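The values are calculated or read from the model by the stated rules, or taken from the named source; none is laboratory data. Quantities reported herein were computed from a predicted structural model and do not represent experimental measurements. We place every Cβ from the backbone using ideal geometry, glycine too, and count neighbours over all the protein chains shown.
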Amino acid sequence: MEEQYQFAHIEAKWQEIWRVAGASQVAEHATKPKFYALAMFPYPSGNLHMGHVRNYSIVDVIARFKRMQGYNVLHPIGWDAFGLPAENAAIKNQRPPGEWTWSNIENMKSQLQSMGISYDWQRELATCHPGYYRFTQWIFLEFYRHGLVYKKKAAVNWCPSCSTVLANEQVVDGACERCETVVTKKDLEQWFFKITDYAEALLADLEKLPGWPEKVKTMQRNWIGRSEGVEADFHITGRSESIRIYTTRVDTMFGVTYVVLAPEHPLVRALARGTAYEDQVLSFIEKMKGLNEITRTSAETEKEGLFIGQYCQNPLSGEQVPIWIANYVLLEYGTGAVMGVPAHDERDFEFARKYALPFPTVILAPDKPLTAKDQELEAAYSARGLMVNSGEFDGLDSEEAWDRMADALEQRSLGMRKVNFRLRDWLISRQRYWGAPIPMIYCATCGTVPVPEDQLPVLLPDDIVFKAGENPLTTSASFVQTVCPVCGAAARRETDTMDTFMCSSWYYLRYTDPRNQDLPFAKDQVDYWMNVDQYVGGVEHAILHLLYSRFITKALRDFGYLQIDEPFENLLTQGMVCMDGSKMSKSKGNVVSPEEIISRFGADTARLFILFAAPPEKDLEWSDQGVEGCFRFLNRTWRLVHQTREAILHAGETPGQLDDAAREMRRQTHVAIQRVSNDVGVRFNFNTAISAIMELINAVYHYKEVPDASPAILRETVEAILILLAPFAPHITEELWEQLGHAGGIHNLTWPALDEDALKQDEVTIVLQINGKIRDRLQTPADMGVEALEAQVRALPKIQELTQGKTIVKVITVPGKLVNIVVK
RNA sequence: GCCGAUGUGGCGGAACUGGCAGACGCACGGGACUUAAAAUCCCGCGAGCCCAAAGCUCGUACCGGUUCGAUUCCGGUCAUCGGCACCA
């Protein structure tokens, strides 16, 4: 009776052996090419979920494959350990957030280890460890030193439920991306990172990332939102000030019939002061303040506005136009003021129709007759066309007029070309405890003073009170009260902590030198390992994490700490793990726990299924039966080795003379080597790689029953199966490799080389078509010439019958594949 | 509204450069083994015409085009998903 596949025993055995041996530890290497494989590090929520399993299985296959190909592979893991859930748990349990976090890390670490992933555990890091966040603070200070951090009072996004501010990127559909509470606006003094200084570079360098999915690059482009336009001054009639507007359609400037300011625009109150309009204006402003962000900025909200009693002058036409305020103009974008061109802008059109403002046409559609009356317009015309009613610019094409009018404004010093971005500066302050404290001190005499580098880290205090709705750091007297590093007087510490995205924007750099006590990373190490050759994670980070990381990398490069322009060479965004058509989530109750699957079938089965069920970038539908199928496959592999083991152990070194069946078996082995190498190494289609191995197993099951099956060929095939399968199912293959009498470990082998000669076939099947429709098939020698083949095909009775009475127009022959006879 | 992606059997998916549509797996059906069941092994499995076979016809969301030949290329339509959305 043959031995059973005891996955639990085998997996525990090899995990211990690998752990003791430090099997995946790496250091810089003088000659081997390096490869940096990275999965987005997890938040220590407490338990691994299937999304993690998928993410880490994908990267592990890549890492193991690259190792076998001779690369020096860095494959690290760590914990994105700061954040709100720990703090909420602290409030609930009245225990410190660190306690919750570290015990979660411990638990998830053992779950991760049960998956048999080839991490270099020596490099493990956690962002909540003082040895790490010390350098998060260090980076903050570097940015401060270089003028890329500033503090300003602004109307910021506030999540009432999380009681903290949020970055623009963390507001999704007007709600908090974490808890989905509707975000409000609050005027607060906050710390910002000047990501907008890098807007142009962040946009332009997307071109340097051919290894990124187009989808992610498009999302970043949209988020950065570059637009080319003109700023122009409309002089306010009877006053000294001007209103500066921003427009991308300077060519429509002769069609301006009003100018609109955002209600919050600083000029508004001044312009209304003491006029008959003042009361109305003030109450309109109040009304706008009361609206939440979603209704305020939604395109569906009806446009609403108010004339404020003043006029200004069109800088090009000289015309007087009324000044309005309206809800659809945003203070934060451009100059907070726009010109209204109802005939050529959809929004202005809607607004003008509501308030009976005129809409003169200044650009004619190419096919539109000049007779069309302005008031009969049914919609704004926003495309290019012929300039009319535009003074000296009449008759020009609108695109040419754009440049001429911009020139005219610049010459008269009434305006200038301006590039605008939708991207705003990154708000990094958080009114929370469980994050890296912002290393700044407020002194009554010296002002805002950075904490000196040698005083880092600014440690999180323990003497705090956790209460909902309050920043816990403000309750720690020992933390708040400090001395000024400049003058030594009593001073107050900054009590805000940093956005956790700050911590996760540089962790991939720390892995290259994780225990450095003096610097976030040493130059030679970071230069050796960076950049990340393959990064894998969920598409939900397309903007937040991936944009911030690119920014931090570029800035650190400019400070002289890095040589790279971009952190992540290749990016793979994996799909979600779904069940019953929707993403597995606790709230939907459709979760399958990795722990349960691993205990029932083993880690190898779990890994294999999650890689086999779908290509990595697509969503994956969970199937319990599919898991069982993969388990069956591994059992089949196990039995195959045990059934052929005796023959293999006694096989001679050389196969000798091969018969047809042996040659065909050998061919199939090398077809599989070719396919798996390409699918894993080039295409990242792990599902088809696994299919190819399954096919090879099916083939050898038949071959081993053939009389006189060659033991040497059996050995080559079975060993190839194990090696090809090793990156996917590391434990079972390691065990079976040992059982076949090999020492030294399957994962230390070199990836099998392809024997091109073995792929050659003596005979091939040729498809015979008439007018493109398949009529027959023909076995021919593989090396048959085109003419001989065509002659043979024409002579076939079936082909003769089908072409009888018709004229053969031409014959198309694809050697080794098909012959198509075109008849009339 | 704009941008991007996707659409193939009962299901997950394959077909890499325009050349045998449906590999591989799941489910299902049949058979072998077994006292029996499980496990395992073998065979079948897009639809229609047909008792069946041989054979023929249709078939990759829909309509059309290019081509000897289209799941693949081009134009249009529809549907689903994702991102952005009063950004001037």
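The residues of the range A:609-633 that are near RNA strand B (Cβ under 10 Å from one of its atoms) and assigned to a helix (DSSP H, G or I), listed by number, are A:PHE609, A:PHE612, A:ASP624, A:GLN625, A:GLY626, A:VAL627, A:GLU628, A:GLY629, A:CYS630, A:PHE631, A:ARG632, A:PHE633.
Filtering the range A:146-162 to residues that are touching a Leu at 6+ places or on another chain (Cβ under 9 Å) and over 13 Å from A:ARG430 (Cα atoms) leaves A:VAL149, A:LYS153, A:ALA154, A:ALA155.
Report yes if some residue within the range A:116-131 is of a type in the set (Gly, Ala, Ser) and in a loop (DSSP other than H, G, I, E, B); otherwise report no.
Pass one, the range A:116-131, residues of a type in the set (Gly, Ala, Ser): A:116, A:118, A:126, A:131.
Adding the requirement that they be in a loop (DSSP other than H, G, I, E, B) leaves A:116, A:118.
Yes.
Here is a check on your reading of the model: is A:VAL182 of a type in the set (Val, Ile, Thr), within 15 Å of RNA strand B (Cβ to nearest atom) and either modelled with pLDDT of 95 or more or within 23 Å of A:THR295 (Cβ to Cβ) (or both)? Yes.
Picking from A:ILE224, A:ILE285, A:ILE243, which residue would you name as being modelled with pLDDT of 95 or more and either touching a helix residue (DSSP H, G or I) at 6+ places or on another chain (Cβ under 9 Å) or within 8 Å of RNA strand B (Cβ to nearest atom) (or both)? Walk me through how you get there before you give the answer.
Working: A:ILE224 fails: modelled with pLDDT of 95 or more; A:ILE285 fails: modelled with pLDDT of 95 or more.
Going through A:ILE224, A:ILE285, A:ILE243 in turn, the sole match is A:ILE243.
Taking the residues in the range A:484-507 that are in a loop (DSSP other than H, G, I, E, B) and charged (D, E, K, R) as candidates, determine which candidate is farthest from A:TYR442 (Cα to Cα). Lay out the reasoning, then the answer.
So in the range A:484-507, the residues in a loop (DSSP other than H, G, I, E, B) come out as A:484-489, A:494-496, A:499, A:504-506.
Those still in the list that are charged (D, E, K, R) too: A:494, A:496, A:499.
Numbers: A:GLU494: 7, A:ASP496: 13, A:ASP499: 20 Å.
So the residue we want is A:ASP499.
Residue count for the range A:299-315 satisfying the condition of being farther than 19 Å from A:VAL281 by Cβ and surrounded by 15 or more Cβ atoms within 10 Å (Cβ to Cβ): 3. Considering the conditions (1) touching a residue at least 40 places away in the same chain (Cβ under 8 Å); (2) away from RNA strand B (no atom under 12 Å from the Cβ), A:GLY274 is excluded by exactly one of them, (1). Within the range A:194-210, take every residue that is more than 16 Å from RNA strand B (Cβ to nearest atom) and under 21 Å from the mean Cα position of the chain (by Cα) and give me the one that is surrounded by the most Cβ atoms within 10 Å (Cβ to Cβ). Restricting to residues being more than 16 Å from RNA strand B (Cβ to nearest atom) and under 21 Å from the mean Cα position of the chain (by Cα), the top hit is A:TYR198.
Where strands (runs of 3 or more DSSP E) sit wholly within the range A:404-475, those with at least 1 residues that are free of Cβ contacts under 8 Å to residues at least 40 places away in the same chain occupy A:447-450.
Kindly provide the set of residues from the range A:751-762 that are more than 11 Å from RNA strand B (Cβ to nearest atom) and not basic (Lys, Arg), ordered by number. It would help to see each step written out before you state the result.
First, pick out the residues of the range A:751-762 that are more than 11 Å from RNA strand B (Cβ to nearest atom): A:751-760, A:762.
Listed by number, the residues that qualify are A:TRP751, A:PRO752, A:ALA753, A:LEU754, A:ASP755, A:GLU756, A:ASP757, A:ALA758, A:LEU759, A:ASP762.
The residue that is surrounded by the most Cβ atoms within 10 Å (Cβ to Cβ), among those in the range A:377-401 that are touching a Leu at 6+ places or on another chain (Cβ under 9 Å) and in contact (Cβ under 8 Å) with a residue 24 or more places away in the chain, is A:MET387. Every condition in (1) modelled with pLDDT of 95 or more; (2) farther than 29 Å from A:PHE612 by Cα; (3) polar (S, T, N, Q); (4) not in a helix (DSSP H, G or I) is met by A:GLN25 except one, and the failing one is (2). Within the range A:767-824, being among the acidic types (Asp, Glu) and either under 25 Å from A:ASP757 (Cβ atoms) or more than 11 Å from RNA strand B (Cβ to nearest atom) (or both) holds for A:ASP783, A:GLU787, A:GLU790. The number of residues in the range A:560-575 that are among the hydrophobic types (A, V, I, L, M, F, W, C) and surrounded by fewer than 18 Cβ atoms within 10 Å (Cβ to Cβ) comes to 1. Among residues of the range A:690-710 being surrounded by 17 or more Cβ atoms within 10 Å (Cβ to Cβ) and of a type outside the set (Val, Ile, Thr), the one that is farthest from RNA strand B (Cβ to nearest atom) is A:SER710. Taking each residue of the range A:696-723 that is within 22 Å of A:GLY745 (Cα to Cα) and touching a residue at least 40 places away in the same chain (Cβ under 8 Å) and looking for partners that are within 13 Å of RNA strand B (Cβ to nearest atom) and assigned to a loop (DSSP other than H, G, I, E, B) with beta-carbon atoms closer than 8 Å, six or more apart or interchain, yields A:LEU714/A:LYS704. The set of residues in the range A:148-174 that are in a strand (DSSP E or B), farther than 13 Å from A:GLU189 by Cβ and either in contact with a Pro (Cβ under 9 Å, 6 or more places away or on another chain) or among the hydroxyl-bearing types (Ser, Thr, Tyr) (or both) contains only A:THR164. Criterion applied to A:ARG550, A:ARG557 was being buried (at least 21 other Cβ atoms within 10 Å of the Cβ), under 26 Å from A:TYR507 (Cβ atoms) and basic (Lys, Arg), and the one residue passing it is A:ARG550. Restricting the range A:517-545 to residues that are out of contact with any strand residue (DSSP E or B) (no Cβ under 9 Å at 6 or more places or on another chain) and among the aliphatic types (A, V, I, L, M) leaves a set whose member that is farthest from A:GLU177 (Cα to Cα) is A:ALA522. Among the residues of the range A:211-228, those identified as assigned to a helix (DSSP H, G or I) and either acidic (Asp, Glu) or loosely packed, with under 13 Cβ neighbours inside 10 Å (or both) are A:GLU214, A:LYS215, A:THR218, A:ASN222. For the range A:72-101, what are the residues that are assigned to a helix (DSSP H, G or I) and touching a residue at least 24 places away in the same chain (Cβ under 8 Å)? Once the filter is applied, which keeps residues that are assigned to a helix (DSSP H, G or I) and touching a residue at least 24 places away in the same chain (Cβ under 8 Å), the range A:72-101 yields A:LEU84, A:PRO85, A:ALA86, A:GLU87, A:ALA90, A:ILE91, A:PRO97, A:GLY98, A:THR101.
Within the range A:316-329, how many residues turn out to be in a loop (DSSP other than H, G, I, E, B) and buried (at least 18 other Cβ atoms within 10 Å of the Cβ)? I'd like the intermediate steps shown before the answer.
If we filter the range A:316-329 for residues that are in a loop (DSSP other than H, G, I, E, B), which is where we start, we get A:316-319, A:327-329.
With buried (at least 18 other Cβ atoms within 10 Å of the Cβ) added as a condition, the list becomes A:316, A:327-329.
Going through the range A:316-329 one residue at a time, the tally reaches 4.
The set of residues from the range A:240-271 being crowded, with 19+ Cβ neighbours inside 10 Å and under 14 Å from A:ILE285 (Cα atoms) comprises A:VAL260, A:LEU261, A:ALA262, A:PRO263, A:HIS265, A:LEU267, A:VAL268, A:LEU271. Within the range A:764-782, residues that are touching a residue at least 24 places away in the same chain (Cβ under 8 Å) have Cβ atoms under 7 Å from residues that are more than 8 Å from RNA strand B (Cβ to nearest atom) and among the hydroxyl-bearing types (Ser, Thr, Tyr) in these pairs: A:VAL764/A:THR780; A:ILE766/A:THR780; A:ILE770/A:THR803, counting only partners at least 6 apart in sequence or on another chain.
The helices (runs of 4 or more DSSP H) located wholly in the range A:640-727 include none with 2 or more residues which are touching a strand residue (DSSP E or B) at 6+ places or on another chain (Cβ under 6 Å) and charged (D, E, K, R).
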